[in-house]
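In what follows, a single structure is set out as structure tokens and then discussed.
Please treat every number below as a calculation from the coordinates, not as lab data. The structure presented is a predicted model; accordingly, all values stated were derived computationally and were not measured. Methodologically, a virtual Cβ is constructed for each residue, glycine included, from the backbone with ideal geometry; neighbour enumeration extends over all protein chains shown.
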């Protein structure tokens, strides 16, 4: 469950800062140039969100000298920020989240491995698979029973939703297999010896 005052944008920023300490400018650039922008109502929302995280002690900012006369504030996650991020990432995958849309779930998944480890990323995918396996057949059945009575545009829109979930199911299987292959390869690699 989200702590009071932490928005999805706040968690997106915590996750990015957990991955790499960064300036507000660089964070804003990530939101402007990637799909992360869907979690921010506007580029101007980044700085107030960072201030809220600072005020709650979830991140800290240190002013550093840049090139020329330029100074910038570099944000780092604090221990309490890391704990809150991990708590958010550890939430169960629920049907409600799948119904509301996958964006927040995929955001959580994107940060899970670095914050909690590859094993937890695989567990997340397995839980997502269980929820999709329970939900998608009922959605298909609803389309079969009601599609003919719907306006064509409504039926096609619902069909699009069903196909998107089916594609997501195939992706989940692919992602689990990719993780398992990666871990198997890592386990077979010889351990690097420590130099004395």
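For the peptides 148-154, 41-47, the ranking by mean Cβ contacts within 10 Å, running from highest to lowest, is 41-47, 148-154. The modelled label-to-label distance for the pair residue 8/residue 165, using points 7 Å beyond Cα in the direction of Cβ, is 1.8 nm. Of the peptides 20-30, 179-189, the ranking by mean beta-carbon count within 10 Å, highest at the top, reads 20-30, 179-189. Modelled label positions at residue 100 and residue 123, each set 7 Å beyond Cα in the direction of Cβ, lie 2.2 nm from each other.
The helix-based estimate of mean residue ellipticity at 222 nm for the chain, built from -39,500 (n - 2.57) per DSSP H run of four or more residues and divided by its residue count, is -22000 deg cm²/dmol to the nearest 500.
Multiplying the residue separation of residue 62 and residue 140 by 0.36 nm and subtracting their alpha-carbon distance yields 22.8 nm.
Set against the labelled values [x] 81, 36, 34; [y] 67, 49, 31; [z] 60, 39, 30, Cα extents along the principal axes in Å computed from this structure falls on [y]. Computed from the C-beta positions of residue 26 and residue 82 and an R0 of 22 Å, the FRET efficiency is 0.65 to the nearest 0.05.
Remark: the residue 133-residue 176 segment gains 14.0 nm on full extension, using 0.36 nm per residue and subtracting the alpha carbon distance.
The simple spin-label model puts a point 7 Å past each Cα toward its Cβ; for residue 186 and residue 150 those points are separated by 4.1 nm.
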